[in-house]
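Remarks on the structure that follows.
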Amino acid sequence: MNKYAIPTLKEEIEDATVDAVLSLDVDKYKYGFESHFETDKAPKGLSEDTVRFISAKKGEPEWMLAWRLDAYRRWLTLTEPTWAKVHYPPIDYQDMYYYAAPKSAQKPKSLDEVDPALLEMYEKLGVPLKERELLAGVEQPRVAVDAVIDSVSVATTFRAELNKQGIIFCSIAEAIREYPELVRQYLGTVVPVSDNFYATLNSAVFTDGSFCYIPKGVRCPMELSTYFRINEAKTGQFERTLLIADEGSYVSYLEGCTAPSRAENQLHAAVVELVALKDAEIKYSTVQNWFPGDKDGKGGVYNFVTKRGDCRGENSKISWTQVETGSAITWKYPSCILRGDNSRGEFYSIAISNGYQQVDSGTKMIHLGKNTSSRIISKGIAAGFSDNTYRGQVSAHARATNARNFTQCDSLLIGDKCGAHTVPYIESRNASAVFEHEATTSKISDDQMFYCQQRGLSEEEAVALIVNGFVRDVLQHLPMEFMVETQKLISISLEGSVG
Amino acid sequence: MTTTPMLEIRNLHARIEDREILKGVNLIVPKGEVHAIMGRNGSGKSTLSYVLAGREDYEVTEGEVLLDGVNILEMEPAERAVAGLFLAFQYPIEIPGVATMTFLKAALNAQRKGRGEAEISTPDFMRAVKTAGEKLNVDSDMLKRALNVGFSGGEKKRAEILQMALLAPKMCVLDETDSGLDIDALKVVSEGVNALRGPDRAMLVITHYQRLLDHIVPDVVHVFSDGRVVESGPKELALELEAKGYAGFDGEKAA
């Protein structure tokens, strides 16, 4: 237990249920291709040696290695959660590679030096590096992209400009080398090493990820963005993100993901930790579009992610916005610990499942401080044979006087073979707390479909339009860069869901 | 004067599940004309509008429907819309979260795409909506609201006619457009409809009250009973119907 652990309540979301993927039938994945560039792999399997190999590869200091080894030893004592009604084949943790990095030792100084295969891959994804705009002298929109390909940051942009403000935005590996005091101060204080099986595994073997520090009183002048990709077959992706907003600062961070097709299942167990100090605000947005599996039931990402933000100071605010359309299995609960008085947590979510995807996602709002407030808006859309569960916890501790929460969970069903479930846990130990929970479940009606079609929209266009309307409350909270992409993604994700 | 048919319905039979509702409808609406269909509740008027638009709950068992000379019965609803058929709904459907403006643009572009035309530019679209909206008292506030969600009866019908104006169909079918309207709203809607009358467009106005026909004056009135047209005549037929009631026409048919 570290000093930031939650005093009385045990983390309950590990009780999350993730359903099985028996046979996957989604062949609509548009991003099924694999780029070929050389990689440098650790030997297969997980052992102390693997952990040492990774740490050495990263040129880490001794304390970091010790931290990892501690996590590894704790992990050995943990068992993979089995309480879930899951039927996915057992994961052989010894049959995976824990390190794969593009070989180029030198970081490219310009786009010309970036591997053309890499650029081509981004091209196909429709997420060109915004660097081009910079090179072309484009002022707006300014998005700094720390591009993560197979666990190593290949291109980092806007560095100089951010540096001017004292903002640190780099890979976690670099942060460990360059800013060890900051990393040591915060790493593992929001998601403790032994938080849960996957987070502990991540702590032992994380290979890269992003680090961001916003100094006191600084308003980050651009949206920070990372595009995650998983590209090497049979490589587990263990990203580690640590984001600290110092007193009175503000930052908006975007994380977007797509992955190419492959035969093996891919385990993704990331950890994201956010710390907001007094009067600071963090806005964290995610678009997740990992490979959901092919029609023969092969592949598909298992996404077991631990994301948590700590509103550590008074009047701090953390806002999570997520769009989840991919992965075979999603197990993800971006949460807020409302520790500082008057702090605020928000969670806006769109989770779309189609084919045989299983989504179990939601949030936890843990009210510790006085006058803390939180807001949850969750929109789940289930199509095909998928199951879509919202699982959330709202709790007020004894000292959380005047805690407020508003929760709205809406589910939309498309077709009659899918399922939507809402599992809210509400716990109050303070009589002054006011928690509200609203939930609806609806279907796209035949009347709506006919009406739209009578106006000339095809079935798929009609579904996309209706679904976009359904998620509008959440869509509005996305940064502009993501809104258009998300609307496209919704259409792609729901292709084949009707008729 | 030539009378090229815009809509030609020949011996149309349709059923829902095992119940036959249309029992041999014959009807021709020439280009440039407005025809009214009157009939009591349950006579099959609304079913006719749904069958024309291609709602899949109904099974056509016999007959033909030609739109501007083309048989549309094999077409999907969206294809019929692209071909120029528009149905103004008796009960317009709510589309939560989709701004009326967004819906209009999606519909217009879907139809343009269906005809192989380029998407309309945003300035052109805005101009078109503004022009059409002014005539129907549709302000920008209403255009920002989700389509039909929380709309009053009058707003819903004005939104229907606004769509009709923008999509510029060849053949308009108006199903009970007067229902839920007070007299002021009825005037606005009727004026909107009348403004869309033209030599290259035909309309079929379905109603069971004569009062709508005081505002949208038809060229021909058809009396609908038990799944077919039993009588056709000039607009005065509507008045006769109002005076005698539908019973008289049912009787003639039964005889």
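The values are calculated or read from the model by the stated rules, or taken from the named source; none is laboratory data. Here the structure is a predicted model, which means the values were calculated and not measured. All Cβ positions, glycine included, derive from the backbone under ideal geometry; neighbour counts span all protein chains shown.
Within the stretch B:88-130, the set of residues being aliphatic (A, V, I, L, M), within 12 Å of chain A (Cβ to nearest Cβ) and either touching a residue at least 40 places away in the same chain (Cβ under 8 Å) or surrounded by fewer than 19 Cβ atoms within 10 Å (Cβ to Cβ) (or both) comprises B:A88, B:I93, B:I95, B:V98, B:A99, B:L104, B:A107, B:L108.
Can you pull out the strands (runs of 3 or more DSSP E) entirely within the stretch B:131-237 that have at least 2 residues that are without any contact (Cβ under 8 Å) to a residue 60 or more places away in the chain? Please lay out each step first, then the result.
Numbers: elements: B:171-175, B:202-207, B:220-225, B:228-233.
Because the criterion is at least 2 residues that are without any contact (Cβ under 8 Å) to a residue 60 or more places away in the chain, the strands (runs of 3 or more DSSP E) in the stretch B:131-237 that meet it are B:228-233.
Taking the stretch A:443-468 as the range and being over 20 Å from A:G419 (Cα atoms) and either among the aromatic types (F, W, Y) or within 7 Å of chain B (Cβ to nearest Cβ) (or both) as the test, the residues that pass are A:D447, A:Q448, A:F450, A:Y451, A:Q453, A:Q454, A:R455, A:G456, A:L457, A:S458, A:E461, A:L465.
Just one of the numbered conditions (1) exposed (fewer than 15 other Cβ atoms within 10 Å of the Cβ); (2) in contact (Cβ under 8 Å) with a residue 12 or more places away in the chain is not true of A:Q476: (2).
The residues of the stretch A:329-380 that are among the aromatic types (F, W, Y), in contact with a Phe, Trp or Tyr (Cβ under 8 Å, 6 or more places away or on another chain) and modelled with pLDDT of 90 or more, listed by number, are A:F347, A:Y348. On the basis of being of a type in the set (G, A, S) and either within 27 Å of A:E223 (Cα to Cα) or more than 24 Å from the chain's Cα centre (by Cα) (or both), does A:A462 make the cut? Taking the combined requirement at face value, the residue satisfies it.
Take the conditions (1) buried (at least 20 other Cβ atoms within 10 Å of the Cβ); (2) modelled with pLDDT under 80; (3) out of contact with any helix residue (DSSP H, G or I) (no Cβ under 7 Å at 6 or more places or on another chain); A:Y99 misses just one of them, which is (3). Based on this model, can you work out whether A:T440 counts as outside any helix (DSSP H, G or I), within 14 Å of another protein chain (Cβ to nearest Cβ), among the β-branched types (V, I, T) and surrounded by fewer than 23 Cβ atoms within 10 Å (Cβ to Cβ)? Spelling it out, A:T440 is indeed outside any helix (DSSP H, G or I), within 14 Å of another protein chain (Cβ to nearest Cβ), among the β-branched types (V, I, T) and surrounded by fewer than 23 Cβ atoms within 10 Å (Cβ to Cβ).
Rundown of residues vs (1) among the polar types (S, T, N, Q); (2) farther than 14 Å from A:N354 by Cα, yes/no style:
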residue	(1), (2)
A:F385	no, no
A:T407	yes, yes
A:S411	yes, no
A:G419	no, no
A:Y425	no, yes
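Of the residues making up the stretch B:50-87, those that are at the interface with chain A (Cβ under 10 Å from one of its Cβ atoms), assigned to a strand (DSSP E or B) and of a type in the set (A, V, I, L, M) number 2.
Counting just the residues of the stretch A:469-487 that are at pLDDT below 90, over 14 Å from A:S349 (Cβ atoms) and in a helix (DSSP H, G or I), which one comes out farthest from the other protein chains (Cβ to nearest Cβ)? Going through the qualifying residues, I end up with A:E481. Criterion first (away from chain B (no Cβ under 14 Å) and modelled with pLDDT of 90 or more) does A:A383 satisfy it? Judged against the criteria, A:A383 is not a match.
Given B:L167, B:L136, which one is of a type in the set (A, V, I, L, M, F, W, C), within 14 Å of chain A (Cβ to nearest Cβ) and surrounded by 18 or more Cβ atoms within 10 Å (Cβ to Cβ)? Steps first, please.
Working: B:L136 fails: within 14 Å of chain A (Cβ to nearest Cβ).
That would be B:L167, the only listed residue that is of a type in the set (A, V, I, L, M, F, W, C), within 14 Å of chain A (Cβ to nearest Cβ) and surrounded by 18 or more Cβ atoms within 10 Å (Cβ to Cβ).
Looking across the stretch B:36-49, the residues that are outside any loop (DSSP other than H, G, I, E, B) and more than 25 Å from B:A78 (Cβ to Cβ) come down to B:A36, B:M38. Any residue that is crowded, with 24+ Cβ neighbours inside 10 Å, more than 29 Å from A:V193 (Cβ to Cβ) and among the hydrophobic types (A, V, I, L, M, F, W, C) - is there at least one of those in the stretch A:352-370? Yes: the stretch A:352-370 contains one or more residues that are crowded, with 24+ Cβ neighbours inside 10 Å, more than 29 Å from A:V193 (Cβ to Cβ) and among the hydrophobic types (A, V, I, L, M, F, W, C).
When you check B:E8 against the structure, is it within 14 Å of chain A (Cβ to nearest Cβ) and surrounded by fewer than 21 Cβ atoms within 10 Å (Cβ to Cβ), yes or no?
On the way: within 14 Å of chain A (Cβ to nearest Cβ): no; surrounded by fewer than 21 Cβ atoms within 10 Å (Cβ to Cβ): yes.
No.
Screening A:G415 against (1) small (G, A, S); (2) in contact with a strand residue (DSSP E or B) (Cβ under 8 Å, 6 or more places away or on another chain); (3) more than 9 Å from chain B (Cβ to nearest Cβ) leaves a single unmet condition, (2). Among all residues of the stretch A:230-240, there is at least one that is modelled with pLDDT under 50, over 16 Å from the mean Cα position of the chain (by Cα) and among the small types (G, A, S).
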